[in-house]
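Input: a single structure, listed below in structure tokens.
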Amino acid sequence: MFNFTIKIPSIMVKPPAKFVNELQQTGLSLANKYKAQFVTASNAANVPLSVLFTVAFIEQRFEHYNSNGSVSVSGSERSTGILQVSPEAALVHLSKEIAASRISSLSIGMIKKYLPQFNFTLGVKPTYDSSMVDNMFSALKNVDFNILMGAIYIRRLLEDTKDLNGTMRLDKAIIKYNMGENSRATKTPAYILGDTTALYNQPQIANITKSYIVKSVGVLGCMDFYTKNGF
Amino acid sequence: MTTKKIIILSSSLLLASFGIYVYFNNRVDSSSFQKHITVKLDTNIDPNTIPEAADVANDGSDIGSQIAMINGEIFFLNTEDGTYISDSGNIYDPTTESLTTTGNNATSTHIDASQVKLITN
């Protein structure tokens, strides 16, 4: 049976020097802000801290709130907070994980705390109406629940997109996380069979997502930085 | 067997094997959740020999010179390919007049160019 691994770097390109300098100067201090919540989510969802830190740095520079104190929300899909989790995507993936009994007791405790309206039984796909999406949206405004939901989502995406030998493709997971589960980029031969470089050269992938990939898994990118710093 | 039949049979086998690949590649089972993910870092790379990616997206020089409002959402022009992109990654392509959203239920909607309100030039 294979093991799960993420190989870094997975593309021989490095992010712009401005980004690398910012990461090296602020990456650790920013990660400290919600470190306890990230450690909890990392354990609950079984995702390396380096992966969660990478997404939080690139998405929001670890900011959960706007400068006026409101929780950061963007886009019509209401991507929320520090990990920019959309309530609809969070519910869809949480439901899949519950149906497959892939939810830890630590996660169950947090779901019951922040989303008490959500009734579920492990091993059974939950049903819910549209009001639950709004409940999830409210719950995602709590930073620790936001990080947990993001972690559960990312773990699922990493397994969904892994290669046959167990190598996890954070680049492919990022495309789904950033562009959408069923975006046109995920239908290309390069997405299905190609390596990170082949994927990076696909015209169907938005420049902002290509930039996200290089900042994550490129040389001197976030995964490199946080792994070298022991996370 | 005729050449045509051989081509059809070969194509069917190719499609079937592709389907099996996709099935196994996407398989997520409950036991896999217990497995830890190991990050393997290759430290034998000299970053000085590695090319730098173009400065796009969040770092900015290629995005942000022109702002448009589409369906109440702010979009920035990506001068590299002429599309508009929002903070959440939604993309409007003025050549096809299509708005592609992100998220789990990504959609592509036709938005007439007349509905795109340019805020700055």
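The values are calculated or read from the model by the stated rules, or taken from the named source; none is laboratory data. The structure displayed is predicted, hence computed values, not measured ones. Cβ atoms come from the backbone with ideal geometry, glycine included; neighbour counts cover every protein chain shown.
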Pick from region A:126-142, criterion within 19 Å of the chain's Cα centre (by Cα) and not in a helix (DSSP H, G or I), ranking: farthest from the other protein chains (Cβ to nearest Cβ): A:Asn142
Unique residue being aliphatic (A, V, I, L, M), under 30 Å from A:Lys125 (Cα atoms), within 11 Å of chain B (Cβ to nearest Cβ) and under 18 Å from the mean Cα position of the chain (by Cα) when the list is A:Ile58, A:Ile8, A:Ile82, A:Ile103: A:Ile103
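Condition check ((1) over 19 Å from A:Thr54 (Cβ atoms); (2) out of contact with any Ser or Thr (no Cβ under 6 Å at 6 or more places or on another chain); (3) assigned to a loop (DSSP other than H, G, I, E, B); (4) at pLDDT 95 or above) across all residues:
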{"residue": "A:Asp144", "(1), (2), (3), (4)": "no, yes, no, yes"}
{"residue": "A:Arg155", "(1), (2), (3), (4)": "no, yes, no, yes"}
{"residue": "A:Ala190", "(1), (2), (3), (4)": "yes, yes, no, no"}
{"residue": "A:Ala198", "(1), (2), (3), (4)": "yes, yes, no, no"}
{"residue": "A:Thr209", "(1), (2), (3), (4)": "no, yes, no, no"}
Failed item in (1) surrounded by 17 or more Cβ atoms within 10 Å (Cβ to Cβ); (2) closer than 27 Å to B:Ile85 by Cβ; (3) over 15 Å from the mean Cα position of the chain (by Cα); (4) at pLDDT 95 or above, with A:Thr26 passing the rest: (1)
Single condition A:Thr167 does not satisfy, out of (1) of a type in the set (Val, Ile, Thr); (2) within 11 Å of another protein chain (Cβ to nearest Cβ); (3) within 20 Å of B:Thr102 (Cβ to Cβ): (3)
Conditions (1) buried (at least 16 other Cβ atoms within 10 Å of the Cβ); (2) of a type in the set (S, T, N, Q); (3) within 15 Å of A:Thr54 (Cα to Cα); number of the one not met by A:Gln204: (3)
Qualifying positions in region A:34-55 - over 23 Å from A:Ser86 (Cβ atoms) and away from chain B (no Cβ under 11 Å): A:Lys35, A:Ala36, A:Val39
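Condition first: part of a helix (DSSP H, G or I), among the charged types (D, E, K, R) and either crowded, with 19+ Cβ neighbours inside 10 Å or in contact (Cβ under 8 Å) with a residue 60 or more places away in the chain (or both). Now tell me which residues in region A:96-125 satisfy that.
Here is the first cut: in region A:96-125, the ones part of a helix (DSSP H, G or I) are A:96-99, A:105-114.
Keeping just the survivors that are among the charged types (D, E, K, R) gives A:96-97, A:112-113.
Of everything in region A:96-125, those that are part of a helix (DSSP H, G or I), among the charged types (D, E, K, R) and either crowded, with 19+ Cβ neighbours inside 10 Å or in contact (Cβ under 8 Å) with a residue 60 or more places away in the chain (or both) turn out to be A:Lys96, A:Glu97.
Looking only at residues that are among the acidic types (Asp, Glu) and touching a strand residue (DSSP E or B) at 6+ places or on another chain (Cβ under 9 Å) in region A:173-225, which one is nearest to the other protein chains (Cβ to nearest Cβ)? Spell out the reasoning first.
First pass over region A:173-225, keeping only residues among the acidic types (Asp, Glu): A:181, A:195, A:224.
Now drop any that are not touching a strand residue (DSSP E or B) at 6+ places or on another chain (Cβ under 9 Å), which leaves A:195, A:224.
Working: A:Asp195: 14, A:Asp224: 7 Å.
Step by step, filter region A:173-225, then rank; the result is A:Asp224.
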Answer from B:Asp55, B:Asp87 - the residue that is at pLDDT below 70, within 10 Å of another protein chain (Cβ to nearest Cβ) and under 22 Å from A:Leu83 (Cα atoms): B:Asp87
Subset of region A:29-63 (residues that are crowded, with 18+ Cβ neighbours inside 10 Å and closer than 21 Å to B:Ser32 by Cβ): A:Ala41, A:Ser42, A:Ala44, A:Ala45, A:Asn46, A:Val47, A:Pro48, A:Leu49, A:Ser50, A:Val51, A:Leu52, A:Val55
